[in-house]
Amino acid sequence: MKKILLLCTLLLVTVIACNKKKEENEKQNVMADQIAQGEKLFNERTCASCHTLDNNDVGPSIKEIVNTYQEQNKDIIKFLKGEIKHPIVEQDSSQVEVMKNNIEEFIKNLSDAELQAISAYMMDVAK
């Protein structure tokens, strides 16, 4: 009887561990898909024409944007949705105006899921 109870317990622990591993793998796959979608949108919506990983020649780099937003506990998605009126990275008024126009033209009609994908991509590449 004790052997059967021990065997059942081991079987239960194994099933639980396998389910957790499966859930982790599924979550990683979803995240990878989201990051891939974000990269595609980042390039299609012309974000990449001004924002590169490390270069600040045209606009702030992806790393600078992500670091600044994380340091200030701000949400990139809220900025892209227009809920944060002033960008916290770029302070040059002409650059801010260009960014606002680009958001209005290229970003405004994206869904929350698409904006989340762009944010996930930016955070992933900025690591």
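Each Cα pair under 8 Å and six or more residues apart adds its sequence gap; the mean of these over the residue count of the chain is a relative contact order of 35 percent. Among the listed pairs Lys20/Lys74; Lys63/Lys108; Lys74/Lys127, a Cα-Cα separation exceeding 27 Å is found for Lys20/Lys74.
Taking N as the number of residues in the chain, what is its Cα Rg relative to 2.2 N^0.38 Å? Write out the running numbers ahead of the final one.
Working: Rg = 21.1 Å, N = 127, 2.2 N^0.38 = 13.9 Å.
The reported ratio for this selection is 1.53.
Only helices enter this figure: runs of n ≥ 4 DSSP H residues, each worth -39500 (n - 2.57), summed and divided by the residues of the chain, yield -21500 deg cm²/dmol at 222 nm to the nearest 500.
On full extension, the segment bounded by Ala36 and Lys20 gains 3.3 nm, given 0.36 nm per residue less the C-alpha separation.
Readers should treat all values here as calculations from the given coordinates under stated rules, not as data from a laboratory. Note that the structure is predicted; figures quoted are calculated from it, not measured.
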